[in-house]
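Notes follow the structure.
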Amino acid sequence: MNNRFEKTDRRTHYCGTLTAANIGERVAVVGWCQKQRDLGALIFIDLRDRTGMVQLAFDEATEKSIFDAAFGVRAEYVLAAQGVVRSRGAEAVNKNMATGEIEIAVDGFKILSAAKTPPFAIVENSDVKSELRLTHRYLDLRRPDMAGNLIARSKITKLARDYYHENGFIDVETPILVKPTPEGARDYLVPSRVHPGKFYALPQSPQIYKQLLMCSGFDRYIQIARCFRDEDLRADRQPEFTQIDLEMSFVTEDDVIAVNEGFIKHVFENFMNLPLEVPFKRMTWHEAMERYGSDKPDTRFEMELCDISDIAAGCGFGVFSGAVADGGSVRGITVKGGASMSRKEIDSLVEFVKSYGAKGLAWYKNAEGAVSSSFAKFLTEDEVNALLTKMNVETGDLVLIVAAKNKVVFDSLGALRCEVAKRMGLIDKSKFNFLWVTEFPLLEYSEEDGRYYAMHHPFTMPMDEDIEKLDTAPGEVRAKAYDIVLNGTELGGGSIRIHSEELQSKMFSVLGIGEEEAQVKFGFLLDAFKYGVPPHGGLAFGLDRLVTLLLGLEDIRDVIAFPKVQNASELMSKCPAPADAKALEELCIAVTAEEE
C-alpha cells in the first residue's frame, strides 16, 4: 500500500490548478479516483479533488509495485500520487478537461483508502433521484457541480463580510437560545434541564437583539445569522436557513436601501463579473399588487393585470357582477399570441388557478378567423367590445379572467401570469431585474381570528402620515417597510423600526397584546426604550436564496450542505429521531404516543 509515497512529500498542488506552465515540475497530488482505464501496458487514472481533475499516467517506465497498485484502483478510491508533470502530446489532448494538455508521470503512489461502488455516479448534472442523493449527501457533495455551489456560497459570504466591514458595520453574534415569541411563525422549542418546565426557542431572526444593539450604541451591526422557523416547507424554504442580517442607527429608508444596493452591486461586479446600475427601481406595494398581483413581481415580461370591474359590475354574467357586488373585483391578463393554446392547455390553466383559491377561470380566445369564449355569450356585444378594448386584445390573443375576492384574484392571477410566461418561453433568463417594493400595509386582518396581525413584525414603524389611523382605520396604515425582489423572488426585506416606547405600546394594543402581556413577552425591549433609543432600521437578505438565484438554480437545497426535505427531516442522518428516555426524564418531559 505504501509504494514509495513519502510522508515528506505533502500535496503541492490541487488537481485542477495544474497547467502546461507546470510541465517539468515535480508535484504531489491527492484526491479521489474518478475513473481508472486499463489499457494493458498503460493505466490512466483521473484523480479528482474539489478544484477539478488531472490524469495520472502509469506506463512501462513505472515501477512494477506502483503499476500493480494502480491496476487495483476503482472509482472513489482515495489516492496520493507524486511525479513529474508532462505534456500529453497534441494528439492526446482532452479538450473536455481543464487540465487536458498535461498528465503526471507517477513515480510515487499510495492508496489511502479503498471504496465500495457508490450508489450513483459521481458526475455533474446527475439525474439520480433527489432522495437517493440526499440519503448519501456526502457522496452527492463530491460531484463537481454541487461542490461548486458550496464554494460559490462561500465566496458570496466573504463578499458580504468584506463589504459591510468596509462600510463600518460591526460583526456581532446574537444568541441561538432565546425567549419563545409566539407571534408569526412557530418556534422550535428547546427544553431547559436546569429550569424544569421552561423552554428556550431557536431564533426566527435576531430581530430584538439587533434592535438592542442599536440601543447599545453600535450604530451598524452585521451578522451571518442562522435562523429557524417551524413552518410548512416550499421549494425555496428550509426550517433552518441563513440570513445576511444587518441594522443601522440614525437612518431613513433611503439610507438602508442605498447601502444594500451597494452590496448587491459589489456582489455582481466581484462574483458575477457583471456591471449593475443603481439605484434600482422602486414600486409601492399597492402598485405592485394592482399591476402584477404580487408583492414580489417578476418584471422580466409584461402581461400586467387589467381591472375590468367597472365593465363587469353591471353585466348579465352573475359570476362577474356577483364578485363586484360582494366587494371583490374582476381582473384579467392578456396573453399576446396566446390564442395558439389548445382547449386542453387552457383547461390546465383553469385547474392551476383553483390551487390559489379561484373557483374558475374565464377565457376569451381571439384566433385568426375564429372566436371562442367561456363567458362572451353572457355579455352584450357592447360589453364584450368594451372589455376587449380595455384589455388591448388583438387577433391571436388570449384573455384570462378571475372574478373573486381581491386576495384570491391577486394570488391566482399573480401566479398565473408567471406560469403562462414560463410555458410560452417569455422569460429572458439572462436578465436580473431588481425592484424595491415599498409602503407595505402595516397590518393584515384575520377573518378567522377576528384581529389584526403585523404583516412583517410588531416593531415596524408606520408611515408618519398614517400614525393617526392606528385608532380609526388600522387596515389602511402603511409601513416604512421595504422588500428587495429579484426576478419574482423576495431576496430580503426590512423596515424602519419603532423607536418610541409610546408608539410601540400603541402597536401592541392594536395587535391585541395588552400591557401586562407586552411586559411578559417584550418587557426587556420596552425597558431599553426608556434609556434613549436612536431611530433605526435594517434588513435581512436570505443568503440561500441569493446564492440560488445567482447560480441560476431551481432548488434552494442545492446550495445548502445538508438540507432538509419537504417534511423537515434529513434523509442522511434520519433526523429528527426519538430522544433517549433518560434524557427526557432529566428534562421533565413525557412523550405521548401518537394515535394510529
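Beyond 28 Å in Cα-Cα separation lie the following of the pairs Lys469/Lys521; Lys359/Lys480; Lys158/Lys564: Lys359/Lys480. Decide, for the range 64-119, between rounded, prolate and oblate: order the square roots of the alpha carbon gyration tensor eigenvalues as a ≥ b ≥ c, take rounded if a/c falls under 1.5, and otherwise choose prolate if a/b is larger than b/c, else oblate. Oblate, since a/c reaches 1.5 and b/c is not below a/b. When a/c is below 1.5 the answer is rounded, else prolate if a/b is larger than b/c, else oblate, so apply that to the range 136-218 with a ≥ b ≥ c taken from the square roots of the Cα gyration tensor eigenvalues. Here the range 136-218 falls in the oblate category. Sparsely packed loop sites in the range 93-183 (the trypsin sites (Lys or Arg not before Pro) outside DSSP H, G, I, E and B with at most 16 other Cβ atoms within 10 Å) comprise Lys95, Lys116, Lys129.
What does a probe at Glu419 reach in the range 235-275, counting residues whose amide N is under 17 Å from the point 7 Å along Cα→Cβ? Within reach of a label on Glu419: 235. If you plug the beta carbon distance of Asp307 and Glu501 into 1/(1 + (r/R0)^6) with R0 = 51 Å, you get a FRET efficiency near 0.75. Of the peptides 369-379, 452-462, the ranking by mean beta-carbon count within 10 Å, highest at the top, reads 452-462, 369-379. Ordering Trp32, Trp363, Trp285 by accessible surface, largest first, gives Trp32, Trp285, Trp363; the 1.4 Å probe counts only protein heavy atoms, with every chain in place.
Available extension along the chain between Glu554 and Glu444 is 36.5 nm, counting 0.36 nm per residue and deducting the alpha carbon span.
Computed extension length for Leu511-Lys179: 117.6 nm, one decimal, from 0.36 nm per residue of separation with the Cα-Cα distance subtracted. Among the listed values [x] 80, 54, 50; [y] 70, 64, 46; [z] 92, 74, 57, the one computed from these coordinates for Cα extents along the principal axes in Å is [z].
Shape class for the range 226-315, computed from the alpha carbon gyration tensor (a ≥ b ≥ c): prolate, with a/c not under 1.5 and a/b above b/c. Note on Thr284 and Arg193: the model spin-label points, each 7 Å out from Cα along the C-beta direction, lie 5.6 nm apart.
Probing with 1.4 Å while keeping every protein chain in the model, the per residue accessible area of the chain equals 50 Å². To the nearest 10 square angstrom, what accessible area does Asp232 show with a 1.4 Å probe? Approximately 130 Å² of Asp232 is accessible to the 1.4 Å probe. Kindly list the residues of the range 290-319 that lie in the label zone of Lys359, defined by a backbone N under 17 Å from the point 7 Å along the Cα-to-C-beta vector. Counting backbone N atoms under 17 Å from the label point, the list is 312-319. Most tightly packed first, judged by the mean number of other beta-carbon atoms within 10 Å of their residues, the peptides 166-176, 392-402, 556-566, 478-488 read 478-488, 392-402, 556-566, 166-176.
Any chance you could list P(r) for the range 126-285, counting all Cα-Cα pairs in 5 angstrom bins from zero, rounded to whole %? Pair shares across the bins are 1, 7, 12, 14, 16, 17, 15, 9, 6, 2, 1, 0. In a reduced charge model with +1 at each Lys and Arg Cβ and -1 at each Asp and Glu Cβ, the chain shows a dipole moment near 2140 debye about its Cα centre.
For the range 443-548, GluC sites (Glu not before Pro) are listed when DSSP marks them as loop and at most 14 other Cβ atoms sit within 10 Å of their Cβ; the list is Glu447, Glu448, Glu468. Computed over the chain, the per-residue total of -39500 (n - 2.57) for DSSP H runs of n ≥ 4 gives a 222 nm mean residue ellipticity of -8000 deg cm²/dmol, rounded to 500. With the simple model of a label 7 Å out from the Cα in the direction of the Cβ, Ala370 to Glu465 spans 5.4 nm.
Note on surface exposure: Leu213, Leu274 rank Leu274, Leu213 by accessible area, highest first, 1.4 Å probe. A full extension of the chain between Arg74 and Glu277 corresponds to an added length of 68.0 nm, given 0.36 nm per residue minus the alpha carbon distance. Placing a pseudo-label 7 Å from each Cα along the Cα-to-Cβ vector at Arg186 and Ala20 gives an inter-label distance of 6.2 nm.
The values are calculated or read from the model by the stated rules, or taken from the named source; none is laboratory data. None of these values were measured; they are calculated from a predicted model. Glycine gets a Cβ as well: all are built from the backbone with ideal geometry, and neighbour counts include every protein chain shown. Note: accessible area is taken over every heavy atom of the protein model, side chains too, but ligands, DNA and RNA are not part of it. Shrake-Rupley method; radii C 1.70, N 1.55, O 1.52, S 1.80 Å.
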